[in-house]
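FYI, it's all coordinate maths here, none of it is from the lab. Quick caveat, the model's predicted, so the values are computed rather than measured. Don't worry about glycine lacking a Cβ; one is built from the backbone with ideal geometry, like all the others, and counts go over all protein chains shown.
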Amino acid sequence: MESSGSIITTNNLPPITPHELCKLTVNDFRTKTQPFESHIRTQLGQSAFHSLDRELQDLQTKSLSNDDIKKSFAGFSDLTTFDEAWEQFDFKETYPKLHSWARFLMLVFPNTATVESDFSFLSWEKDVFRMSLSDLSLEGCMQARYHELLKKLVG
């Protein structure tokens, strides 16, 4: 993630939709999953990486050989929701480990850097509860993507 003043971009967020994953090589995929290795092994089991690699390769093979999948991926945009992307062609059921991994990455991981910066700006001391702080900016960005959907569900 890049930050310029108060503007945050999500260029470095890991890919989480099938069409984004198909753009990666297995080595690129491994590089992007490495920071989350302990979490992945805990959530998906010790053999998770082998399963993830196998499912990714199968997804990529199908996306190259199936014209309907190619057309569907071409129609995806930044506005395509996570669920819409994974429900296409039953990807969610066909690639359960890959889907679980991608859903796992949608969680907000705690990061206190911006909050600590705010403490510094305000000249406040951090206390013993500083580890409870999370990156609310990132959480806001992730939730903003689904704002319209949430409005429909609530109202």
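Scan segment 60-79 for residues that are surrounded by 11 or more Cβ atoms within 10 Å (Cβ to Cβ) and of a type in the set (Ser, Thr, Tyr) and the total you get is 3. Among the residues of segment 40-59, is there at least one that is closer than 13 Å to residue 15 by Cα, touching a helix residue (DSSP H, G or I) at 6+ places or on another chain (Cβ under 9 Å) and exposed (fewer than 15 other Cβ atoms within 10 Å of the Cβ)? The answer is no; no qualifying residue exists. Taken as a whole, segment 83-104 holds no residue that is among the hydroxyl-bearing types (Ser, Thr, Tyr) and exposed (fewer than 12 other Cβ atoms within 10 Å of the Cβ).
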